[in-house]
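Visitor: Take this structure, written in structure tokens, and hold onto it; I'll ask about it next.
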Amino acid sequence: MDRIIPHPRLYQQFVKGQILSQKVNQNQNLKTGDPSIYLSVTLTVESEPKCFNTRRLIYKTFIDPHLDYEKDGLYVINLDGDGYNNQPENLRLMTKSEKSLRAFARDRVPPSILKTGDRTHWRKNYSTSKPVEQYDLKGNFIKEYRSIKEAARQTRIEDKVIIQVAKGMYKQWNGFVWKYREK
């Protein structure tokens, strides 16, 4: 982890790469029972303590200094699955979907309640939908839709706009007036 960095007066400076105080975090895998370990470190940035994932810092320092999680949303993972082995050659970037597929391939994901749960008492999705009526600008009834989503799909008007017109935030949109059906 030692490296040479540019220096304004000396041209180069040797820096001993060492993290002095790390926190070992463990999450128990629900399916296998194995601990999942990752290291973190607290650094002070502009007088504020901030917690950083150690492997992310190492990846950003030694492999890609332009890595920005806020923009790209990529994860840094240990290839061998050992949270203590944060050597740059053992680190790799992954998207969230790649990380999920990797967890499935390694059989580390518990079965979903959606697959194993009893759904007989679950409320139907359409039970919360509100019927909506479409009118022209003269107030003539055009059509009734079972839900806002159905109206949006058939008329190719955004559902948010239909809701805003129905709530009175807009008087009309694209020549149509939308109202919730009276019960």
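Throughout, read-outs are computed from the coordinates displayed, never taken from laboratory work. Remember, it's a predicted structure, so these values are computed and weren't measured experimentally. Counting neighbours? That spans all protein chains shown, and the Cβs are built from the backbone with ideal geometry, glycine included.
Visitor: If eta is 0.890 mPa s and T is 25 °C, what Stokes-Einstein diffusion coefficient results for the range 3-111, Kirkwood Rh from Cα pairs, in µm²/s? Present the calculation step by step, with values, prior to reporting the outcome.
Guide: On the way: Rh = 15.9 Å.
Approximately 154 µm²/s, per Stokes-Einstein.
Visitor: Under a crude label model (7 Å from the Cα following the beta-carbon direction), how far is ARG9 from LYS138 in nanometres?
Guide: 8.6
Visitor: When every alpha-carbon pair in the range 81-183 is counted, what percent end up more than 16 Å apart?
Guide: Values: 3712 of 5253 pairs.
The answer is 71 percent, as a whole percent.
Visitor: What distance in nm separates the two pseudo spin-label positions at GLU98 and ASN174, each 7 Å out from Cα along the beta-carbon direction?
Guide: 3.8
Visitor: Consider just the alpha-carbon atoms of the chain and return their Rg together with their Dmax, both in angstrom.
Guide: Calculated on Cα positions, Rg and Dmax stand at 27.3, 81 Å.
Visitor: Then there's this: Given the Cα-Cα distance of THR128 and GLU89 and 0.36 nm per residue of separation, how much length would full extension add, in nm?
Guide: Working: separation 39, 0.36 × 39 = 14.04 nm, distance 5.15 nm.
The span from THR128 to GLU89 would gain 8.9 nm if fully extended.
Visitor: Where nothing but the Cβ of Lys and Arg (+1) and of Asp and Glu (-1) is charged, how large is the charge dipole of the chain around its Cα centre, in debye to the nearest 20?
Guide: Numbers: 33 positive and 21 negative charges, 180 e Å.
Roughly 860 debye, rounded to the nearest 20.
Visitor: Moving to a separate point now. Put +1 on the Cβ of every Lys and Arg and -1 on every Asp and Glu Cβ in the chain; which of TRP122, HIS7, ASN27 then has its Cα farthest towards the positive end of the dipole?
Guide: Towards the positive end, the residue furthest out is TRP122.
Visitor: OK, next. For ASP64 and ARG106, what does the FRET efficiency come to when R0 = 35 Å and r is the distance between their Cβ atoms, rounded to the nearest 0.05? The partial results should precede the final answer.
Guide: Working: r = 25 Å, r/R0 = 0.71.
Rounded to the nearest 0.05, the efficiency is 0.90.
Visitor: What does the charge count around ASP107 come to, taking other residues whose C-beta lies under 13 Å from its C-beta (Lys +1, Arg +1, Asp -1, Glu -1)?
Guide: Working: positive: LYS31, ARG102, ARG106, ARG108; negative: ASP34.
Surrounding charge for ASP107 is +3.
Visitor: Per DSSP helix of 4 or more residues, -39500 (n - 2.57); summed, then divided by the residues of the chain. What does that give at 222 nm, rounded to the nearest 500? Don't skip to the end; give the middle numbers.
Guide: Numbers: 6 runs with 43 residues, N = 183.
That comes out to -6000 deg cm²/dmol.
Visitor: Could you tell me the calculated FRET efficiency between ASP159 and SER40, based on Cβ-Cβ distance and R0 = 45 angstrom, to the nearest 0.05?
Guide: On the way: r = 41 Å, r/R0 = 0.91.
Here the calculated transfer efficiency is 0.65.
Visitor: Quick one: angle between helix 96-105 and the longest Cα principal axis of the chain, in degrees between 0 and 90, rounded to 10, please.
Guide: Approximately 80 degrees, to the nearest 10.
Visitor: Based on other C-beta atoms within 10 Å, arrange ARG56, ARG106 from fewest to most.
Guide: Details: ARG56 19, ARG106 11.
By the 10 Å Cβ count, ascending, the order reads ARG106, ARG56.
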